[in-house]
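The values are calculated or read from the model by the stated rules, or taken from the named source; none is laboratory data. Computed from a prediction, not measured in an experiment: that's the story for all the values here. Don't worry about glycine lacking a Cβ; one is built from the backbone with ideal geometry, like all the others, and counts go over all protein chains shown. The area values use the complete protein model at the heavy-atom level, side chains included, leaving out ligands, DNA and RNA. Shrake-Rupley method; radii C 1.70, N 1.55, O 1.52, S 1.80 Å.
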Amino acid sequence: MTDDLSSGGDLNDELHRVYVDRLPALQRAREELSKLLHKVAASIEDRNLVRANIVSLRIKEFESFRSKAVRRDWTADEAIRACTDLVGARVVCSNVEDLRRFAELLKEDNGDVRPLVDEADYIQKPQDRGYRALHLDLVMLVGGSVLRPDTVRCEVQIRTLLQDAWANLVHDDIYKQMGLPEDLEARARDLAAVLATADEIASSIRSRAARVLTAPARRPALDVASAAAVSYLFRQYFGRSPADYAVRQALDLCQRLDIRSLEWLPEYLKNDGNEGFPEEARLAYLKIVGRGPLQNERVFLAALRAVANGKAKALKWIRHQANLEVEEFEHIASREMLSELPDTIEEFTEDLSLGRVGVGLEQLATAFGTAHACYICQTTIVDPYAFAEAAIVHYSVPEAHQDKVVEEIERAIYESGAETGGWQSTTLCAYHSETMHRDD
């Protein structure tokens with residue numbers, strides 16, 4: 001079979017039909033996969049040490065689906081069932097240990113309704129051209145009944161920062177290309193091997209930082225801020241010895257805040273009946289983040305801040321850390337949303353005018369940074385001109401075409417019925433702007 005539409009028109013039509021029919025289920029699967037991955041990322045015990053970023057969540061584009069079906073000589077019905085990466089995600093971790101930990105948490109959390117179907121470890125056994133990553137195939141439940149559930153296969157690619165760098169630098173240039181010169185493939189393998197060695201060095205650094213510092217069996221003197229005192233108190237109140245890096249963080253903080261004695265620290269580590277400072281810290285954190293545990297390491301640092309500056313300022317620090325995490329998650333979500341936009345400005349303006357941008361217009365405006373809340377009722381207000389300007393930047397629209405694009409986008413937004421604010425005030429929705437103006 002050849003990858004030629006003129007000779008495969010019937011197959012192309014059938015592939016397009018099954019793809020379009022399946023698209024709503026694929027969109028639901030992407031949403032469920034996003035929830036799962038963010039839940040796993042939030043459940044990481046110590047995000048100060050283990051880093052995992054969800055850098056993309058996508059539905060395979062039709063042309064890529066069609067090309068794969070042609071290469072594999074699939075019928076349309078076979079393709080929609082056999083293609084395991086119609087929905088895919090990429091997670092980038094700091095190093096191999098973090099990658100393995102994220103994969104473990106993902107497999108533990110997927111449960112019976114999201115079973116692990118397959119695992120391809122291209123770290124233990126890299127592909128011929130040097131590609132390294134861990135691929136997990138999951139089944140996402142998107143509807144149906146108990147007896148006949150509707151499921152979608154999804155692929156999660158988990159890479160280290162350096163593996164992802166190799167893929168961005170080399171893999172995209174040579175992947176799926178046939179007949180490449182051997183010297184070019186050899187250079188790609190050489191670069192992959194160099195970065196794999198760097199990953200090993202990074203792993204050794206991480207292992208040293210994560211090494212548990214065994215706490216002393218007997219209570220040391222608390223009138224000085226020492227490693228023995230920190231590790232002893234940590235184990236006494238949290239049930240385990242801390243990692244080496246956590247002890248060093250605590251001692252660095254003691255030095256910065258001029259904490260010379262830890263005698264008062266137990267007062268802020270006690271949590272009898274969940275009625276102590278640790279519980280207050282966790283509640284303050286959850287009120288903002290809404291999910292995931294507050295790491296014991298961070299509770300310990302907050303308790304040190306309470307010793308130095310009082311409980312109120314320590315809780316304020318916890319809330320600040322929680323807000324930083326929320327901003328990080330929102331940034332990731334915005335990046336995911338923008339990555340799913342059409343490839344060209346022409347397609348984007350057409351989808352916008354037809355109301356099929358794939359997400360709510362307000363959500364997209366928020367991702368573009370061109371939305372704000374009504375000062376009174378908090379309704380999301382979209383700024384049409386700023387939205388159009390952001391789209392121009394996103395698509396790198398040539399200057400000669402910018403005025404036309406701005407006009408088309410502004411018209412589409414005004415015709416969409418989205419809240420664009422009042423004439424009298426840009427900080428108020430139309431209703432409250434008119435009310436305020438009438439009252440005046």
Fill in the blank from the handout: Only one of 357, 406, 393, 397 is modelled with pLDDT under 85 and either under 24 Å from residue 61 (Cα atoms) or of a type outside the set (Gly, Ala, Ser) (or both), namely 357
Practice task
Would you be able to say whether some residue in region 196-214 is open to solvent by 40 Å² or more (accessible area, probe 1.4 Å), over 27 Å from residue 100 (Cα atoms), in a helix (DSSP H, G or I) and modelled with pLDDT of 90 or more?
Solution key: no
Problem - 1 or more residues open to solvent by less than 30 Å² (accessible area, probe 1.4 Å), in contact with a helix residue (DSSP H, G or I) (Cβ under 6 Å, 6 or more places away or on another chain) and modelled with pLDDT of 90 or more: qualifying strands (runs of 3 or more DSSP E) within region 25-125 - result: 87-93
Practice task
Return a yes/no flag: does region 140-156 have any residue that is in contact with a Pro (Cβ under 6 Å, 6 or more places away or on another chain) and either at pLDDT below 90 or of a type in the set (Gly, Ala, Ser) (or both).
Solution key: yes
Practice task
Filter region 126-162 down to residues that are touching a Gly at 6+ places or on another chain (Cβ under 7 Å) and among the acidic types (Asp, Glu) and give me whichever is surrounded by the fewest Cβ atoms within 10 Å (Cβ to Cβ).
Solution key: 150
Exercise for the section: Answer yes or no as to whether residue 372 is farther than 23 Å from residue 421 by Cα, surrounded by 14 or more Cβ atoms within 10 Å (Cβ to Cβ) and under 26 Å from the mean Cα position of the chain (by Cα). Expected result: no
Practice task
Name the one entry in 334, 353 that is of a type in the set (Gly, Ala, Ser), open to solvent by 70 Å² or more (accessible area, probe 1.4 Å) and in contact (Cβ under 8 Å) with a residue 12 or more places away in the chain.
Solution key: 353
Practice task
Report yes if residue 258 is in a loop (DSSP other than H, G, I, E, B), open to solvent by 40 Å² or more (accessible area, probe 1.4 Å) and not aromatic (Phe, Trp, Tyr), otherwise no.
Solution key: yes
Completion exercise
Scanning region 409-429 residue by residue, those surrounded by 13 or more Cβ atoms within 10 Å (Cβ to Cβ) and at pLDDT 80 or above turn out to be 409, 410, 411, 412, 413, 416, 418, 419, 420, 421, 428, 429
